[in-house]
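Worksheet: one structure, shown below.
The values are calculated or read from the model by the stated rules, or taken from the named source; none is laboratory data. Values in this document were obtained by computation on a predicted structure and should not be read as measured data. In this analysis, Cβ positions are derived from the backbone assuming ideal geometry, glycine residues included, and neighbour counts consider all displayed protein chains. All accessible areas refer to the heavy atoms of the entire protein, side chains included, with ligands and DNA or RNA removed. Shrake-Rupley method; radii C 1.70, N 1.55, O 1.52, S 1.80 Å.
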Amino acid sequence: MVTGGPAVPDRTGTLRLRGRTFAGHRYAVMGVINRTPDSFYDRGATYALDAALASADHAVAAGVDIIDVGGVKAGYGSYVGVDEEIRRTVPFVRELRDRHPEVVISVDTWRAEVGRACAEAGADMINDTWAGADPDLARVAAEYGTGLVCSHSGGLAPRTDPHRVRYDDVVADVVAGVCALAERAISLGVRPDRVMIDPTHDFGKNTYHSLELTRRLRELADTGLPVLVAVSNKDFVGETLGAGLTERGDGTLATLVVSAREGARVFRVHDVVAARTALDVVAAVG
């Protein structure tokens, strides 16, 4: 147990979703599907339902374990209301559930109403990247028996960027924050083996903070909770390498490998093929 974080059940990092168990060196690849016209990476390439389903089919063929669908761009952009977010996500979740009954489906949302609608459509997991901004989201996960990702955003409201953010110790702050959210979720009835923690690189953090989190990721893994990392093509990779948005693939893979060796369990990525290959090599090395 990490000193300074709230107590959570004694765990071994095992994750169970949709009848599957991820433990030991079984790494889970989470493929990103953005049902948005303005996503930072693909600029709306999977906004249309047919395009999103085709991308999901490709990801499943490539060995993806989890498909994470989001209906709202994480950063600044046009306002998206609850009804519109549901329109973008629920039909996709429902169709994906029918097409690929074995794949774990995650929905990236901070809103309880959206989480509920997606769970009713067949989602297995709620990826709350905004650190419990809606306190009822954990209750939805408990009610529907879904997984829940507990994240850290440095106190920022959804869809806001950090500005001159400072921490005495960013890793200690992250550990305390995500463990508190995990403890609350479990107390509300979310199954302990369906709770994950995400240090949430770049959310409420600058490049130095994101690199420090990667360097010391073992401290999160030592909580006994499965760790998810979402570093794919992020700004801290680009700023570190002086690389543009389309030039961050190699840096992303290097960060995934380091994260796996430091104890991460789930990896949210845009390039499923490359990530699956890299993580399979890490697993083979053991």
Exactly one of VAL282, VAL266, VAL257, VAL273 is open to solvent by 30 Å² or more (accessible area, probe 1.4 Å) and within 22 Å of LEU15 (Cβ to Cβ), and that one is VAL257
For the range 52-76, what are the residues that are of a type in the set (Gly, Ala, Ser) and open to solvent by less than 50 Å² (accessible area, probe 1.4 Å)?
ALA52, SER55, ALA56, ALA59, ALA62, GLY63, GLY70, GLY71, ALA74, GLY75
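Residue by residue, here is whether (1) within 29 Å of HIS100 (Cα to Cα); (2) modelled with pLDDT under 95; (3) crowded, with 23+ Cβ neighbours inside 10 Å holds:
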| position | (1), (2), (3) |
| --- | --- |
| MET125 | yes, no, yes |
| ALA133 | no, no, no |
| ARG139 | yes, no, no |
| GLY145 | yes, no, no |
| HIS163 | no, yes, no |
| ASP168 | no, no, no |
Within the range 61-90, residues part of a strand (DSSP E or B) and of a type in the set (A, V, I, L, M) come out as ILE66, ILE67, VAL69
Hey, does the range 148-161 have a residue that's assigned to a helix (DSSP H, G or I) and not small (Gly, Ala, Ser)?
no
Return the pairs, sorted by first residue and then second, in which the second residue is of a type in the set (Asp, Glu) and open to solvent by less than 10 Å² (accessible area, probe 1.4 Å), the first residue lies in the range 226-243 and is in a loop (DSSP other than H, G, I, E, B), the beta carbons are less than 7 Å apart, and the residues are 6+ apart or on different chains.
ALA230/ASP198
Please go through the range 236-252 and give me each residue that is modelled with pLDDT of 95 or more and open to solvent by 40 Å² or more (accessible area, probe 1.4 Å), ordered by number.
GLU239, THR240, LEU241, GLY242, GLU247, ASP250
Count - residues of the range 33-51 that are among the hydrophobic types (A, V, I, L, M, F, W, C), open to solvent by 20 Å² or more (accessible area, probe 1.4 Å) and under 17 Å from the mean Cα position of the chain (by Cα)
1
Residue count for the range 197-213, restricted to those that are closer than 15 Å to ASP169 by Cβ and buried (at least 22 other Cβ atoms within 10 Å of the Cβ)
6
Flag if THR109 is under 24 Å from ARG265 (Cβ atoms), touching a strand residue (DSSP E or B) at 6+ places or on another chain (Cβ under 8 Å), of a type in the set (Ser, Thr, Tyr) and open to solvent by less than 20 Å² (accessible area, probe 1.4 Å):
yes
Please work out which residue is nearest to the chain's Cα centre (by Cα), limiting yourself to the range 189-221 and to residues that are within 21 Å of PHE22 (Cβ to Cβ), among the β-branched types (Val, Ile, Thr) and not in a loop (DSSP other than H, G, I, E, B).
ILE197
For the range 172-188, what are the residues that are touching a residue at least 24 places away in the same chain (Cβ under 8 Å) and farther than 26 Å from ARG16 by Cα?
ALA172
